[in-house]
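Visitor: Here it is, the structure, as structure tokens.
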Amino acid sequence: MSMARRVAGGTAGGMLGSAVMAVPILAARAAGLIGTPPPERITEGLLARWGLRLDRRTEDRLSVLSHLGFGAAAGGLYGAVAPRVKAVPQALALGIGYGTAIYAVSYAGWVPALGLLPPPDRDRPARQAVMLIAHWLFGATTALVTLAASRDERPLSRVSE
């Protein structure tokens, strides 16, 4: 399989994975476990840091788009660097590991470093649990879509036909 196909599959998987993450995040928000979802808090914090003020609706849209974009980029990176696997169990294990790494780099790394959310050991335990589960779903989805793309030998231009 070509590198382009793996990156395209990873990118598509990352976007879908970002959307799948919304299920546990929105359920936890509705249950009062996490407050404002982290993607919204991150967007708000970055806009404030840059001195930008937008209306709520625009901020919400930007939050969704930036989360999808981050997921697409992370998925594309997965497609480029992940070892090739041929079976679903291996893809799931690799994807869940990748999702865990994205969670750790973000929530124990750049997000608290920028002062956007507290580090995991100083944050709400429920928020951290929900976000870890959401990132496992992201990784699993990304890996499965990448695997599916690797199994389809048709040219990319003909996949949508």
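Visitor: Being surrounded by fewer than 18 Cβ atoms within 10 Å (Cβ to Cβ), free of Cβ contacts under 8 Å to residues at least 12 places away in the same chain, out of contact with any Ser or Thr (no Cβ under 7 Å at 6 or more places or on another chain) and among the basic types (Lys, Arg) is the requirement here; does Arg49 meet it?
Guide: No; evaluated as a whole, the condition is false for this residue.
Visitor: Shifting gears a bit: Looking at Ser106, is it surrounded by 19 or more Cβ atoms within 10 Å (Cβ to Cβ) and either of a type in the set (S, T, N, Q) or farther than 30 Å from Leu147 by Cα (or both)? Steps first, answer last, please.
Guide: Details: surrounded by 19 or more Cβ atoms within 10 Å (Cβ to Cβ): yes; either of a type in the set (S, T, N, Q) or farther than 30 Å from Leu147 by Cα (or both): yes.
Judged against the criteria, Ser106 is a match.
Visitor: While we're looking at this one, here's another question. Can you report the number of residues in segment 25-43 which are surrounded by 18 or more Cβ atoms within 10 Å (Cβ to Cβ) and more than 13 Å from the chain's Cα centre (by Cα)? Steps first, please.
Guide: Going through segment 25-43, the residues surrounded by 18 or more Cβ atoms within 10 Å (Cβ to Cβ) turn out to be 25, 28, 34, 37-40, 42-43.
Remaining after also requiring more than 13 Å from the chain's Cα centre (by Cα): 28, 34, 37, 40, 42-43.
Selection size over segment 25-43: 6.
Visitor: Which residues, taken from segment 31-52, are over 24 Å from Val130 (Cα atoms), part of a helix (DSSP H, G or I) and aliphatic (A, V, I, L, M)? Give the derivation first.
Guide: Keep residues of segment 31-52 that are over 24 Å from Val130 (Cα atoms), which gives 47-52.
Remaining after also requiring part of a helix (DSSP H, G or I): 47-49.
Within segment 31-52, Leu47, Ala48 meet the criteria.
Visitor: Next question, about the same structure. Is segment 1-19 home to any residue that is in a helix (DSSP H, G or I), of a type in the set (Lys, Arg) and more than 19 Å from Ala129 (Cβ to Cβ)?
Guide: Step one: filter segment 1-19 for residues in a helix (DSSP H, G or I), giving 3-19.
From what is left, the residues that are of a type in the set (Lys, Arg) are 5-6.
Adding the requirement that they be more than 19 Å from Ala129 (Cβ to Cβ) leaves 5-6.
Yes, because at least one residue in segment 1-19 is in a helix (DSSP H, G or I), of a type in the set (Lys, Arg) and more than 19 Å from Ala129 (Cβ to Cβ).
Visitor: Kindly check whether there is at least one residue in segment 54-62 that is at pLDDT 95 or above, closer than 27 Å to Thr146 by Cα, part of a helix (DSSP H, G or I) and of a type outside the set (Lys, Arg).
Guide: Scanning segment 54-62, I find at least one residue that is at pLDDT 95 or above, closer than 27 Å to Thr146 by Cα, part of a helix (DSSP H, G or I) and of a type outside the set (Lys, Arg), so the answer is yes.
Visitor: If you check every pair at least six apart or on different chains, which have Cβ atoms under 6 Å apart with a residue in segment 62-74 that is without any contact (Cβ under 8 Å) to a residue 60 or more places away in the chain and crowded, with 16+ Cβ neighbours inside 10 Å first and a residue that is among the aliphatic types (A, V, I, L, M) and part of a helix (DSSP H, G or I) second?
Guide: Leu68/Met15
The values are calculated or read from the model by the stated rules, or taken from the named source; none is laboratory data. Every value quoted in this text rests on a predicted model; they were computed, and no experiment measured them. Cβ sites come from the backbone with ideal geometry, for glycine too, and all protein chains shown count toward neighbours.
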